[in-house]
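For reference, the structure is listed below as structure tokens.
What follows draws every value from the coordinates through simple rules; no lab data is involved. Just so you know, these numbers come straight off a predicted model, no measurement behind them. Cβ coordinates were reconstructed from backbone atoms using ideal geometry, including for glycine residues, and neighbour counts include every protein chain displayed.
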Amino acid sequence: MSQIPAAKQGHRPVAVVAFALSHVVRAETNANEVEMLMPVVHEVFAKAGITKDDVGFICSGSTDYLIGGPFSFVTALDAIGVWPPKSESHVEMDGAWALYEAFVRLQEGDIDIALVYGFGKSSLGDLDKIFALQLDPYTMAPLNPDLVSLAALQARAVIDQGIASEEDFAAVAARSRKSALSNEFAQVRRDDSLEDLMAEPYAVSPLRRHCLPPISDGASAIILVAGDRAFDLVERPAWITGIDHRIETHAIGARNLAVSTSTAKAAEMAGVGEGPVDLAEVHAPFASQEVILTTALGLPSDTVINPSGGALAANALMSGGLTRIGEAAQAILDGRAKRVVAHATSGPVLQQNLVCVLEGA
Amino acid sequence: MSDQTYVTKDPRGPVTQLATPIRLDYLFTAGLSLSRNLRGYQRAEFVGQKCPTCGKVYVPSRGSCPVDGVALTEEVPLKNTGTVTTYCVVNVPFAGQSIKIPYICAQILLDGANLSFMGLIQECDVEDIHMGMRVEAVWVDEADLVPSLASVKYFRPTGEPDADYETYREYL
């Protein structure tokens, strides 16, 4: 029996044993949400070598605002087949927070296996209008500030505070798209020269088109297993040795947008700095945000950032953060890495952040 | 906010209400499975879909068997006839009402299906509606067929003897 790495917060050991995701596309016009999610759930069960009957808890992340219909997460359970009835929960957030809830649920000790998934179709509505509604309803939402303009305000703060330049943003985008060439599930996969990227006109200054994420439909799923049972299912479980999430004020004007205090605090609580980091999957939908996040996470200089291509290559809303945890965990499951960091973000301009440290035995 | 600590000098007093109109428009993905069902309506046919695991036939289908979590692969043509499993009589007028009250809304279990759905009952006095009543679909004219349940004008009694309670008790 392999040894389980020590958990920073002294919690019951929980590991990612399987990860699956859909091919992320601009618009999935054939399959509905259930049909998009179902093959991903089947795949993650197959990878873990279990069935739905082995699962003690199900938790999902999605938002009704993307589909424009109430209780769409209940409909999505049709993709699982919850009969006999299962203990189930949902977060109106990225699936990374559903994973956090499942992690907490597994701490109770009465069940060992949880299914977590996130899904979303960004192609069905007007994202700028939809995401304006997560802002302060009295003073900000009525102004309908679009996603790119808010990110541009943040990028401007990054430049003004001397943290990074437009060329740095382009370098992030170029690296992400190039890394995605080896990720068949990603959407933007290409090798661009920095010169070509810098020659693009501004989308919203100081952001050029390459700094923006693609609009994506997709889903991903993870199986969490607590305790020694994980070794029964896979050779190298990816143990969650630290996980934490923090939120900042709703008032965007009250924050220094060029830094991410919540990410730094979550990273500290999860123990990011307490060992080497082979690779990090950082959930940065905008190139400018990756600069902020890698600084806040305190990653060593030799850490490989977003080998999957990250959110700049595939930005399936509500599963993008969960996919970061899955991609990072997969590196351990495959034996490509020993200690990895995954990050997920939610809310406007990096308001809320989750950090997860995973280690192999 | 405590009214002890802050009192507005505006003679109108504090703002107590703020209107921020919101409108969101969406596309809808019917999906592979529901599309087969909706195309059936366009041909004046009920198309059921069978679960390869439990054999249940769903009409309409959202793409999976909600019991087994698998895609429904086999199409099952269903007849126009079914059974009223339960019903209500609508006596309340409301905005946008297009049917003269009182009228009957019923859950209808098509013959050969394992899922009931809501339908309008016409050509039937409200005193006569009852559980187990046999009904059939009346379709709109061929030129008016659309890929939705709007192709079904209504259901009406067939006059057959009532269905045995045991045949629909599972669907109440």
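Quick rundown of the values:
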{"read-out": "In degrees, nearest ten, helix A:95-106 long axis to first principal axis of chain A (Cα)", "value": "30 degrees"}
{"read-out": "DSSP-defined beta bridges in chain A - what % are antiparallel, rounded to 5", "value": "70 percent"}
{"read-out": "Cβ-based net charge around B:Ser35, under 12 Å, with every Lys or Arg adding one and every Asp or Glu removing one", "value": "+1"}
{"read-out": "Cross-link partners of A:Lys121 among lysines (Cα-Cα below 23 Å; sequence separation of 8 or more within a chain)", "value": "A:Lys129"}
{"read-out": "Least to most buried among A:His250, A:His42 (fewest other Cβ within 10 Å first)", "value": "A:His250, A:His42"}
{"read-out": "Beta bridges by DSSP in region B:32-171, antiparallel share as percent, to the nearest 5", "value": "95 percent"}
{"read-out": "With Cα atoms, 0 to 90° folded angle of helix A:166-179 axis to chain A main axis", "value": "40 degrees"}
{"read-out": "Per-bin percent of Cα-Cα distances, region B:32-171 [10 Å]", "value": "12, 39, 35, 13, 1"}
{"read-out": "Over chain A, relative contact order from alpha-carbon pairs under 8 Å, at least 6 apart, %", "value": "26 percent"}
{"read-out": "Residues B:Phe28, A:Phe119, sorted so that the one with the fewest Cβ neighbours within 10 Å comes first", "value": "B:Phe28, A:Phe119"}
{"read-out": "Cα extents of region A:142-258 along the three principal axes, largest first (Å)", "value": "53, 38, 30"}
{"read-out": "Expected 222 nm ellipticity per residue - DSSP helices of 4 or more, -39500 (n - 2.57), all of chain A, to 500", "value": "-9500 deg cm²/dmol"}
{"read-out": "Whole-Å distance, taken between Cα centres, linking region A:133-157 and region A:277-352", "value": "24 Å"}
{"read-out": "Proximal aspartates and glutamates relative to A:Lys338, as straight alpha-carbon distance under 17 Å, when same-chain residues fewer than 8 apart are discounted", "value": "A:Glu235, A:Glu274, A:Asp278, A:Glu281, A:Asp302, A:Glu327, A:Glu359"}
{"read-out": "Convex hull volume of region A:118-174 per residue (C-alpha atoms, cubic angstrom)", "value": "132 Å³"}
{"read-out": "Gyration tensor (Cα) of region A:212-285, equivalent ellipsoid semi-axes in angstrom", "value": "30, 19, 12"}
{"read-out": "Inter-centroid distance (Cα atoms) of region A:1-51 relative to region A:193-260, Å", "value": "17 Å"}
{"read-out": "Value of relative contact order over region A:4-71, rounded to a whole percent, pairs C-alpha under 8 Å and six or more apart", "value": "27 percent"}
{"read-out": "Relative intensity, log₁₀ I(q)/I(0), of region A:290-357 from a Debye sum that treats every alpha carbon as a point, q = 0.12, 0.17, 0.22 Å⁻¹", "value": "-0.30, -0.61, -1.04"}
{"read-out": "Degrees, to the nearest 10: B:32-42 long Cα axis against longest axis of chain B", "value": "70 degrees"}
{"read-out": "Mean Cα-pair separation over length for region B:32-171, i.e. relative contact order, pairs under 8 Å, 6 or more apart, %", "value": "24 percent"}
{"read-out": "Descending principal axes extents, region A:237-352, alpha-carbon based, whole Å", "value": "44, 30, 22"}
{"read-out": "Environment charge of A:Glu35, counting only residues whose C-beta is closer than 13 Å and scoring Lys/Arg +1, Asp/Glu -1", "value": "-1"}
{"read-out": "Under 20 Å between alpha carbons - lysine pairs in region B:32-171 that sit 8 or more apart or on different chains", "value": "4"}
{"read-out": "Cα-Cα separations in the protein assembly as shown greater than 40 Å, expressed as whole percent", "value": "35 percent"}
{"read-out": "Rounded to whole Hz, the Karplus (6.51, -1.76, 1.60) HN-Hα couplings of region A:301-313, x for glycine and proline", "value": "5, 8, 6, 7, 9, 6, x, 7, x, x, 6, 6, 9"}
{"read-out": "Full-stretch length increase - B:Cys88, B:Val138 - with 0.36 nm per residue and alpha-carbon distance subtracted", "value": "16.0 nm"}
